[in-house]
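One structure is given here, and the rest of the page talks about it.
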Amino acid sequence: MTDDANKTAWYALRRTLPTWSFEANLRELVACLPRYGVDEVIIKVDTEEFTHGQPPLDWVKAYQPKLFRIRDEMRKLGIAYSINPWITVGHCDRGRDARPQVPGLRTVVGHDGVECTCCACPLSTAWRAHLTQVWTLYAETEPHILWIEDDIRTFNHAPVTYGCFCPEHMRKFSERVGQAVTREELVAAMLRPGAPHSWRTAYLDMQAEVMIDTVAFIRGVVQRVSPTTSLGLMSSGPHQHCLEGRRWQEFATALAGDRPLYSRPPMGNYNEDSLRGFYYSHDSIKITRHCLPAGVIEQTEVESCPFTRYSKSVAFTFLEMALSFAYGSHGVTMNLFDHTGTPLEAEPWFGAMLKAKKPFLNALAAQAQKPGRYAGVRLLHHDRSTFSRQLPAGAPYGALGEDGHAMMQALEAHGLPTTYDASPVIAASGQTIRAFADDEIRTMLKGGLFLDVVAARVLMERGFGPEIGLEGLLEPVCLDQLGAFACEEFFNPAFGGADKKFLTLTTPHLGGRPDVGIMHLSPGADTLSALVDPDARRVYPAMSAFQNRLGGRVVVHALAWDSCAWGVSFCHPFRVDQLQGVMHWLGNGLLPVVVRGGVWPLALRKECDDRTTLLGLFNLSLDSWPQVEFDLPADTVVAGLERLTADGHWRADDALACELRNGRRVISYARPVPFDEPLFVRLGVCVGATLLKKGAPQTPS
Ligand SMILES: [Zn+2]
């Protein structure tokens, strides 16, 4: 990257220049990119609609002079030149058959026996020989980064869904376990109900090793020709990569070599659907970063598919970029224009937005990229979740992926920012906690720990019942199998509840019902909420709180969150009271940040090493928030408050105030926050500053 302040928010445009419109497209790049503020152009080759499948060697040879021309033109403009081949092993077949043009090509065979005609098995020697020739041509143009697509994985190679179980993979596997094994036998063992079969571990380890070897091979091809070219990695989200047992650290090290590694975390939202899609996007940045080694340079994926404003509005595109920089990414890779040669200026509104927003994004990025950490309730991820996951009978192959996803959005949507870093409070749902060792769980039980019923069941099995305040916990079943139930009544006033504070059990949406486990509480455990019948009588505890002998605090919710917490019915102002009340109690004064003021928040707190703090709020509702409150620990010292203005300056603002309230430090902003103007506040800090008077406006430090 660069020290140039105008390039802090690094713009990288992904662009295809088809052969038939090459000259016009190149002329336009030269004219437009400086005006848009673009810092890097990433040339996509043999792309999307017009892909040939595995790119034919002669076709790439004929295209290589065009790559040199683009590179040279970009050099004159001071714009970095990178390449993004559209495929590595291949995303999908789409009617192409690469076997005639790559003789001996071994293609992917799925868990169900379906075979690709184009997508290559990474063990295929013919594919490796072909890739060596083609990528040597790319590397000879000395790109800044050679971006590898997220097809470097062992799932989603349409028409194959999962794995590679081709004869070569099966031969290697049989050798590994010392007996001849068929695909059918292996898949049955992978999906065996209950405790995992030892073959699952053997297969996942083998897949992980094959993919580490594959990326080391690709890096070798590139850097043998162009030692200064870095590799870039598009990925598909760590929950998914659990399916193939990816070992992120080794994988990244093998791919990087001795150059910096670039990462393109997926952001989803290829079509604009709802602003709530940004919960996934921001989490993808945080969790992918958590898995990768320190020092990886991030350029997020801001992508439409298909293109034009029918797919994604300019406003939504801007928010996706702002979100990338707010969460500390170094750049954005923008896939905003089609790959069929249509001019950029067919939709000039995108370029105008890029230019207009750059000062704001530069200032935001300069603060958010400072070393530090994002604070909140800690979520759990484990690279080896699939190794330990227990399946019910008849589970599909996809059930091997990491579960517990509903927790992130449910907490964020109720004003509780999340993190994958250390925190006084941890929230666990689903089976992910199964992958952690007893010692690690014991450490979690010494702090604040929130558990859904599935995670609590895992801890019961592991003998931690006395530490979570339960004497018994039945396996969760659909609520309606337990009888006639109306609502969850959140009644405990010590946590913010009250009589007849009802939360619907028709969740996650109209027609849905949760899976629920009946809890038997230990003496000393409090009941926070109950399942009530149609006469509003409390029948079973729904949420419990307990202080254990390790000094920790544990709250258990009897609902299985993956069955109910991902939909709109789970969300309610009473749920805000419940979850914020519970998390405050679990944090015991140390909960890092809570936000209040409206519905559908996406908020952040970054504690920077230079002792400044960044607070942020994206309002993911179309209704403006009338005001905002960030609720922080009392010892947060605030020496100055500034807001990032639309023109990209941090300035004092009369609408900002700071006060001590109920043992917490509350930063408030007293003006509306609409969806398209996210709020960013910077706290200057200094040790030993006197506490500020209630409501006193602050001046910048
Ligand atoms: Zn294979």
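What follows draws every value from the coordinates through simple rules; no lab data is involved. Keep in mind it's a predicted model, so treat the numbers as computed, not measured. Please note: Cβ atoms are built from the backbone with ideal geometry, for glycine as well, and neighbour counts cover all protein chains shown.
The orientation-averaged shadow of the Cα convex hull for the range 377-587, equal to a quarter of the hull surface, comes to 11.0 nm². Divided by 2.2 N^0.38 Å, where N counts the residues, the Cα radius of gyration of the range 146-200 comes to 1.34. Among the helices of the chain, those built from whole DSSP H runs whose Cα atoms reach 27 Å or more along their own axis and whose mean Kyte-Doolittle hydropathy is at least -0.5 are 198-225, 348-368.
Here the range 384-461 was treated as a single set of alpha-carbon atoms; its pair distances binned every 5 Å from 0 give 3, 14, 24, 26, 18, 10, 4, 1 percent. How large is the Kirkwood hydrodynamic radius of the range 322-395, in angstrom, based on all distinct alpha carbon pairs? 16.7 Å is the Kirkwood radius here. Close amide-amide hydrogen proximity is noted between T16 and K44, each under 5 Å apart and 5 or more residues distant or on a separate chain (H modeled in the peptide plane; Pro and chain starts excluded). Set against the 2.2 N^0.38 Å expectation for a compact globular protein, the range 213-332 has a Cα radius of gyration ratio of 1.14. Taken over the Cα atoms of the chain, the convex hull encloses 158 Å³ per residue. Rg and Dmax, both from the Cα atoms of the range 1-150 and both in Å, are 17.0, 53. Taking packing as the residue-averaged number of other Cβ atoms within 10 angstrom, the listed peptides 99-106, 635-642 run from highest to lowest as 635-642, 99-106.
Helix content alone sets the calculated 222 nm mean residue ellipticity of the chain: runs of n ≥ 4 DSSP H residues at -39500 (n - 2.57) each, divided across all residues, give -9500 deg cm²/dmol.
Here the chain carries DSSP beta bridges of which approximately 60% are antiparallel, counting only pairs with both residues inside.
The alpha carbon radius of gyration of the range 596-684, expressed as a multiple of 2.2 N^0.38 Å, is 1.03. Working note: Cα atoms of the range 478-538, range along each principal axis, descending, whole Å: 34, 23, 21. Ordering W349, H290, T308 by Cα displacement along the dipole of the range 270-367 toward the positive end leaves H290 in first place; charges were set at the Cβ atoms of Lys, Arg (+1) and Asp, Glu (-1).
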